[in-house]
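These notes are about the structure you will find just below.
The values are calculated or read from the model by the stated rules, or taken from the named source; none is laboratory data. Predicted, not measured: the structure shown is a model, and the values here were computed from it. Neighbour counts run over all protein chains shown; Cβ positions are idealised from the backbone, glycine included. The area values use the complete protein model at the heavy-atom level, side chains included, leaving out ligands, DNA and RNA. Shrake-Rupley method; radii C 1.70, N 1.55, O 1.52, S 1.80 Å.
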Amino acid sequence: MKATLNEYFSRKIDENKFLITTRCGTFILLNENEYRALNNGQYKNNEKLQRQLIESKILMTEKNTKDIINRLKMQYIQDKSFIFMNCIINLTHRCNLNCLYCHANSANLEDKQMDMDYATIDAYIDFVLNLPYKNITIEFQGGEPLLCFDKIKYILKEFNKKKKKYNKNLISSTIVTNLTLMREYIANYIIENKISLSSSLDGPKELHNSQRAYINGSGSYDKIIYWYNYFFERNKIVGIMPTITSNSIKLGPKPIIDQYVKLKRNAIFLRAMNELGRGKKNKYLSPQKKEFTEFLKEAFDYCVYLFDKKNFLIVERNIFSLLRNITLPVKQYMCMRRPCGAGVNQISITPNGDIYPCDTARSIQSLKIGNIKTTNFREIIINTIELRTLTQEFQPLCDTCAYNCFCGNCPVVTYAKYNCFIEKTPLDFNCYVNKYILDYIFKKRDDKKYKKYFKAILKLEI
């Protein structure tokens, strides 16, 4: 059997377990003797091992080379493609809440100069219609976008009126709101026009209210629960997620997950707070990487427990994304692509028309890539080249890591943590967390409970 060694990467997972991966996303777990045989060439004398290495594409043959090329081609097309553009529009910097970690650093409620005017809105509509994408998504953010509800209606009306002429498809529209300004007439419009909703719920009432309060200090929990249930009763699901702070870490993941189970959620995204905007001023709330990884591991175990003992399926999105990256040849989560989707699959427009490559980036002035009144798409691509070359493909320790085909770094989050866009591998927050979780997934692959759970969550469409 004629076979050639593919480029491979290795990582010790356990005492007698070694992970071997390839650039095309295939892998195999070997014991110590098998690992040594691979490294010293003795695998050639072991027919069973040789067959396993061929199946996992660690060894290339005439038969499996085509599949390897196809997998690499799929990765490249997915990572470098211009499939759609998510056009985030921040209609206002104003907000009626005073969340401790707000990365948008929202402005005073009375300062209406912080709203986008109609001239800029028309420029936004014209800019989006002239993008070289057929498929468009529009996401309304802020501040609190419901402060500008009439402008939301105006944008959707004008865009839908003109989209046919410009050969555009509005795949979806989303309002990212704290829900506290929701009213029945707004809710009816949202339901009738099939607009998606995204909001925040940090967990149980006491935790949530301590972090997401009104300007006068009173909590927002009751309003959010009321409107969440209002929409649920009308067969509309509001997307919700918590922001994890040092307060969340102290509480532990179980009460937070229980809150989401109570709301019949099958997914929860335990997203660590970013040190941007108001979060930069309140850095003391930012979780440390070691405690956050332990928090995620405990959450992972609890989700498996709920499935195994309570027959309730809920998945944590960090873990789900990494598991899908292991299982599928392409990455579904835009922020983990190489390069990420910043500037090519997502842009964020501020109230004065400034363009940023993604939602997180809008808090960093140096990442401004233009203005919708003066910048064309070609200039956006040129202005984001430097950011997109900070991908792990260009970082030696990332590029040679066994997890390079499953992972993905965010230079903007790195900048928020370390005031530098170059990832401090292996000390970087995301690098540390992803390695820890990937190690844990591979350690648990042969555990019956976890195997059953993995199989169940991979069927979910979230």
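Conditions tested, residue by residue: (1) touching a Lys or Arg at 6+ places or on another chain (Cβ under 6 Å); (2) not hydroxyl-bearing (Ser, Thr, Tyr).
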| position | (1), (2) |
| --- | --- |
| Asn96 | no, yes |
| His103 | no, yes |
| Leu109 | yes, yes |
| Asn135 | no, yes |
| Ile138 | no, yes |
| Glu144 | no, yes |
| Leu147 | yes, yes |
| Asn160 | no, yes |
| Tyr166 | no, no |
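It is to be established whether one or more residues within region 353-370 are among the basic types (Lys, Arg), open to solvent by 20 Å² or more (accessible area, probe 1.4 Å) and under 11 Å from Tyr124 (Cβ atoms).
Scanning region 353-370, I find no residue that is among the basic types (Lys, Arg), open to solvent by 20 Å² or more (accessible area, probe 1.4 Å) and under 11 Å from Tyr124 (Cβ atoms), so the answer is no.
One residue is enough: does region 444-452 have a residue meeting the conditions open to solvent by less than 30 Å² (accessible area, probe 1.4 Å), more than 30 Å from Asn282 (Cα to Cα), aromatic (Phe, Trp, Tyr) and in contact with a Leu (Cβ under 9 Å, 6 or more places away or on another chain)? If you could, list the steps in order and put the result at the bottom.
Filtering region 444-452 down to residues open to solvent by less than 30 Å² (accessible area, probe 1.4 Å) leaves 450.
Among the residues that remain, those that are also more than 30 Å from Asn282 (Cα to Cα) are: 450.
Next, from what is left, pick out any that are aromatic (Phe, Trp, Tyr): 450.
Remaining after also requiring in contact with a Leu (Cβ under 9 Å, 6 or more places away or on another chain): none.
The answer is no; no qualifying residue exists.
Is it the case that Tyr124 is in contact with a strand residue (DSSP E or B) (Cβ under 7 Å, 6 or more places away or on another chain), more than 30 Å from Lys157 (Cα to Cα) and surrounded by 14 or more Cβ atoms within 10 Å (Cβ to Cβ)? Break it down into steps so the answer makes sense when it comes.
Numbers: in contact with a strand residue (DSSP E or B) (Cβ under 7 Å, 6 or more places away or on another chain): yes; more than 30 Å from Lys157 (Cα to Cα): no; surrounded by 14 or more Cβ atoms within 10 Å (Cβ to Cβ): yes.
Judged against the criteria, Tyr124 is not a match.
Exactly one condition in (1) touching a Leu at 6+ places or on another chain (Cβ under 8 Å); (2) at positive phi; (3) open to solvent by 10 Å² or more (accessible area, probe 1.4 Å) is not met by Asn167; state its number.
(1)
Any chance region 88-102 includes a residue that's open to solvent by 20 Å² or more (accessible area, probe 1.4 Å), within 21 Å of Lys153 (Cα to Cα) and either touching a strand residue (DSSP E or B) at 6+ places or on another chain (Cβ under 9 Å) or touching a residue at least 60 places away in the same chain (Cβ under 8 Å) (or both)?
There is at least one residue in region 88-102 that is open to solvent by 20 Å² or more (accessible area, probe 1.4 Å), within 21 Å of Lys153 (Cα to Cα) and either touching a strand residue (DSSP E or B) at 6+ places or on another chain (Cβ under 9 Å) or touching a residue at least 60 places away in the same chain (Cβ under 8 Å) (or both).
Do we find a residue being part of a helix (DSSP H, G or I), charged (D, E, K, R), in contact with a helix residue (DSSP H, G or I) (Cβ under 6 Å, 6 or more places away or on another chain) and touching a residue at least 40 places away in the same chain (Cβ under 8 Å) anywhere in region 334-355?
No, every residue in region 334-355 fails to be part of a helix (DSSP H, G or I), charged (D, E, K, R), in contact with a helix residue (DSSP H, G or I) (Cβ under 6 Å, 6 or more places away or on another chain) and touching a residue at least 40 places away in the same chain (Cβ under 8 Å).
Between residues in region 384-399 that are over 20 Å from Cys358 (Cα atoms) and assigned to a helix (DSSP H, G or I) and residues that are modelled with pLDDT of 75 or more and among the hydroxyl-bearing types (Ser, Thr, Tyr), which pairs lie under 6 Å by C-beta distance while being six or more apart or on different chains?
none
Which of the residues belonging to region 413-442 are assigned to a helix (DSSP H, G or I) and either modelled with pLDDT under 80 or among the aromatic types (Phe, Trp, Tyr) (or both)?
Taking region 413-442 and keeping what is assigned to a helix (DSSP H, G or I), we get 413-418, 429-442.
Those that are assigned to a helix (DSSP H, G or I) and either modelled with pLDDT under 80 or among the aromatic types (Phe, Trp, Tyr) (or both): Val413, Thr414, Tyr415, Ala416, Lys417, Tyr418, Phe429, Tyr432, Tyr436, Tyr440, Phe442.
Can you find a residue in region 299-322 that is within 19 Å of His103 (Cα to Cα), modelled with pLDDT of 95 or more and open to solvent by 10 Å² or more (accessible area, probe 1.4 Å)?
no
Within region 26-43, which residues are surrounded by 13 or more Cβ atoms within 10 Å (Cβ to Cβ), out of contact with any Phe, Trp or Tyr (no Cβ under 6 Å at 6 or more places or on another chain), without any contact (Cβ under 8 Å) to a residue 40 or more places away in the chain and of a type outside the set (S, T, N, Q)?
Ile28, Glu34, Arg36, Leu38, Tyr43
Quick check on region 224-244. Is at least one of its residues charged (D, E, K, R), assigned to a loop (DSSP other than H, G, I, E, B) and free of Cβ contacts under 8 Å to residues at least 12 places away in the same chain?
The answer is yes; a qualifying residue exists.
Looking only at region 216-226, which residues are open to solvent by less than 20 Å² (accessible area, probe 1.4 Å) and among the polar types (S, T, N, Q)?
Ser220
If a residue has to be open to solvent by 10 Å² or more (accessible area, probe 1.4 Å) and either without any contact (Cβ under 8 Å) to a residue 24 or more places away in the chain or among the β-branched types (Val, Ile, Thr) (or both) to count, how many in region 174-215 make the cut?
Count: 13.
Please go through region 278-292 and pick out each residue that is open to solvent by 20 Å² or more (accessible area, probe 1.4 Å) and over 18 Å from the mean Cα position of the chain (by Cα).
Kept after step one, since they are open to solvent by 20 Å² or more (accessible area, probe 1.4 Å), are these residues of region 278-292: 278, 280-284, 288-291.
Hits for region 278-292 are Arg278, Lys280, Lys281, Asn282, Lys283, Tyr284, Gln288, Lys290, Glu291.
Of all residues in region 111-121, which are open to solvent by 30 Å² or more (accessible area, probe 1.4 Å) and out of contact with any strand residue (DSSP E or B) (no Cβ under 8 Å at 6 or more places or on another chain)?
Gln113, Asp117, Tyr118, Ala119
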